[in-house]
Amino acid sequence: MKRLIGMLVLAVAALLTACGPKETAPVAPEPDEDAIRREKWFGDAAKAPDITWRSSGLGIRILAPGTGTPPLPTDTVRVHYTGRLKDGRVFDDSHARGKPSDFVVNRLIVGWAVAMPALKPGGRAQFFIPPVLGYGNMQAGDIPGNSGLIFEVELIAVNPEPAPRR
């Protein structure tokens, strides 16, 4: 009789255990398509936690915040900048030319135009511009088609006095 009760207790315990929560193998998360594209265009920089990524694929890393009023789309900005590809190759550099450049914000490539309001005068940032906000699939000078562009930008002034002509 004791043996029968013992077997019955074991059977009930086994049934209760079988009804409990099931352990399952961990499921790999779905690949983050945006992260995959960012890494393709920007290499290891795409994983940096201090870059704010927008749904458009634009990334902004603020290096120095600056002060004052950020530019509007119709404003002229005076900037120093360096443009690079993910491999570090420089394709444009105002420092190398020895003088900053003046641009109207809404006449720049879309990525710059959208990113510029993140800066205030005296501020510096890196803009990570995906091809769709840059030159797309067209080659532009030394920039191959479908390239992500990385710009380090210093906003010197908004609506500055025109630079003297030399």
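No value in this document is a laboratory result; all are computed from the given coordinates. Owing to the predicted nature of the structure, the values given are computational and were not obtained by experimental measurement. Cβ: placed from backbone, ideal geometry, glycine included. Neighbour counts: every protein chain shown.
Looking across the range 119-151, just one residue is crowded, with 21+ Cβ neighbours inside 10 Å, of a type in the set (A, V, I, L, M) and without any contact (Cβ under 8 Å) to a residue 60 or more places away in the chain, and that is L119. Condition (residue is crowded, with 19+ Cβ neighbours inside 10 Å and in a loop (DSSP other than H, G, I, E, B)) applied to the range 106-117: is it met by at least one residue? No, there is no match, as no residue in the range 106-117 is crowded, with 19+ Cβ neighbours inside 10 Å and in a loop (DSSP other than H, G, I, E, B). Give the residues of the range 55-64 that are buried (at least 16 other Cβ atoms within 10 Å of the Cβ) and not in a strand (DSSP E or B), sorted by residue number. Scanning the range 55-64 gives G57, L58. For the range 40-54, the tally of residues that are in a loop (DSSP other than H, G, I, E, B) and either of a type in the set (V, I, T) or touching a helix residue (DSSP H, G or I) at 6+ places or on another chain (Cβ under 6 Å) (or both) stands at 1. The set of residues in the range 118-157 that are part of a helix (DSSP H, G or I) and of a type outside the set (A, V, I, L, M) contains only P131.
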